[in-house]
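Structure record follows, encoded as structure tokens.
A short reminder: the numbers here are calculations on the coordinates, not readings from a lab. These figures come from a predicted structure and were not determined experimentally. Positions of Cβ are generated from backbone atoms using ideal geometry, with glycine treated the same way; all protein chains shown enter the neighbour counts.
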Amino acid sequence: MGANILFVSQYFVPEVCAPAVRTADLAREWVRAGSNVTILTGFPNHPEGVLHPEFRRQWRRGLAHDRHDGARVIRTWLYPAANRGWYGRAANYASFALSSAVAGPFIASKDSVVIGSSPQLLVGLAAYIIAAARRAPFIFDVRDLWPESMIAVGAASDEQGAAYRALEKLARFLYRKADRITVDGEWKKRALVSYGVPEEKIATIINGVADDFFPDPASAGAQQARAKLRQELGLSQRFVALYCGTLGMAHGLETILLAADRLRNRRDIVFVLMGEGADREKLIARSQELRLPNLMLLGKQPRSKVAAYLSAADACVVPLRRSETFKTAIPSKMFEAMAAGKPVVLGVEGEARELLLKANGGLAFTPEDAGELTSNILTLAGEPGLAAELGASGRKAIVEQYSRRRQALTFLKLVQEVTESRYALRQPVTVTPA
């Protein structure tokens, strides 16, 4: 059932962002299914722009080799930059795309399928160059719509700007050149079809959670982790609304601060923001300005501790800024909260909202509407039975529908179809004399 796969992703563990974790999970499942998997990635520095200490010497050499859960991992040089500011990020993106495009053709094994995963868009270009050099099939794994996401996060304001138009042309080029395109939702597929991409070229593989990510919330281990962490943080008798993830421009996290401000007199309710990202300093400054007594800002935590923080929560807030583009987004942190049996308070319109409400896994509010968020938090804090019901329903949906293993095997089946279609054409034809 295996295949030869070269997966190009700028982000990979030990980075803890969603693309890094997803890539590691997929690679592990593909290796278990008998595939030869190589991950071509960068040196870990996201989102702070600081290289992880154990990789600094290798970064100076420009290349590193190791293995992770049976997959070969090759890291190529990039310019480390924090996930903020246009020039630094542009250098970060372009340097990885260039180094991976140069090294990739020498790394891809015989009869490989090359998969390029966004974010960011230049990764798709690097993967296409590698595939073209090796005459290999190219699958474009579209996680974000580019350049539309630049407008959505406020990184660009003019659809007629030169950078926007150049990236738009590049995206359309990659859509044309890809043998197949994968997306994480039907709304994203609809958007690509509206751009003229043939529907039969696009495969929808909805996101999921690794089967071993979170134990049964009712288990002794999960309960002990919850009690221990809540005691350490001084939250034993309080309702904890947790945001766990990147503190980025896309997330509209000031909405959480404004909800905390509305509930400043409810000392039984506390908001916890955990993570790093472009908006961290802004959020710290704003929280100090508001003098919020019911907000805790924690730094980034290792992936191994995320499950414990989810255990400690009573609800998980998953917001995005209000944008037409984000109606196609399905945040992975929503699935992780559901796996932990926590009710999700979702500030995302579109397909993510449809999936959550269908699963009866939480409550929804209009993006960037602090009043609706406040109302939802008060509902869950005041009705523990409802919170437990929503959490249990969400976990049930994860177990039955959103297993990462199931998604990985669906993806692998697509890879095998592309492999057979491309390489079968290269087999020599034997003609039997009459």
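Some values worked out for this structure:
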quantity	calculated
Efficiency of FRET from Cβ geometry, residue 193 and residue 264, R₀ 56 Å, rounded to 0.05	0.75
Pair residue 224, residue 281: separation of 7 Å Cα→Cβ label points (nm)	4.2
The range 220-401 - percent relative contact order, Cα under 8 Å, separation 6 or more	22
Inter-probe distance in nm under a simple model that places probes 7 Å from Cα toward Cβ, at residue 216 and residue 56	4.7
Residue order, fewest to most surrounding Cβ atoms within 10 angstrom, among 282, 333	282, 333
For the chain, radius of gyration divided by Kirkwood radius, i.e. Rg to Rh on alpha-carbons	0.98
Of 189/358; 169/413; 305/342; 300/342; 177/300; 188/333, those spanning more than 27 Å from alpha-carbon to alpha-carbon	169/413; 177/300
Relative exposure of 150, 249, 338, judged by other C-beta atoms within 10 Å (fewest first)	249, 150, 338
Gain upon complete extension [residue 400, residue 132; 0.36 nm per residue less C-alpha separation]	92.6 nm
Hydrodynamic radius (Kirkwood) for the range 87-227, which is based on Cα pairs only, to one decimal in Å	17.0
Contour minus Cα-Cα distance for residue 69 and residue 389 (0.36 nm per residue)	111.6 nm
Most positive-pole-ward Cα, 241, 5, 273, against dipole of the chain from beta carbon charges	5
Label-to-label distance, nm, for residues given as residue 366 and residue 291 (7 Å Cα→Cβ offset)	3.1
Cα lying deepest toward the dipole's positive end in the chain, options 161, 309, 418, charges on Cβ	418
Whole-angstrom gap from the range 27-73 to the range 204-252, using each part's C-alpha centre	26
Cα-based reach from residue 282 at 12 Å (exclusive), listing aspartates and glutamates while leaving out same-chain residues under 8 positions away	254
Rounded to 5, the percent of DSSP beta bridges in the chain classed as antiparallel	10
Under the span-like rule (Cα at least 24 Å along the axis, Kyte-Doolittle mean at least 0.0), DSSP H helices of the chain	86-107, 384-401
Amide hydrogen neighbours beyond the local backbone of residue 251, cut-off 5 Å, H modeled	321
Surrounding net charge for residue 193, when Lys and Arg each add one and Asp and Glu each subtract one, Cβ distance under 11 Å	+1
Net charge of neighbours whose Cβ lies under 15 Å from the Cβ of residue 123, counting Lys and Arg as +1 and Asp and Glu as -1	+2
Ranking of 189, 358 by count of other Cβ atoms within 10 Å, fewest first	358, 189
Dipole magnitude of the range 220-401 about its Cα centre (Cβ charges: Lys, Arg +1; Asp, Glu -1), debye to nearest 20	540
The range 141-286: C-alpha gyration tensor shape, a/c 1.5 cut-off, then a/b vs b/c	oblate
Computed FRET value (nearest 0.05) for residue 110 with residue 200, which takes r as the C-beta separation and R₀ as 22 Å	0.20
Computed lengthening from residue 298 to residue 177, 0.36 nm per intervening residue step minus Cα-Cα distance	39.2 nm
Three-way shape label, the range 220-401, alpha-carbon gyration tensor, a/c 1.5	rounded
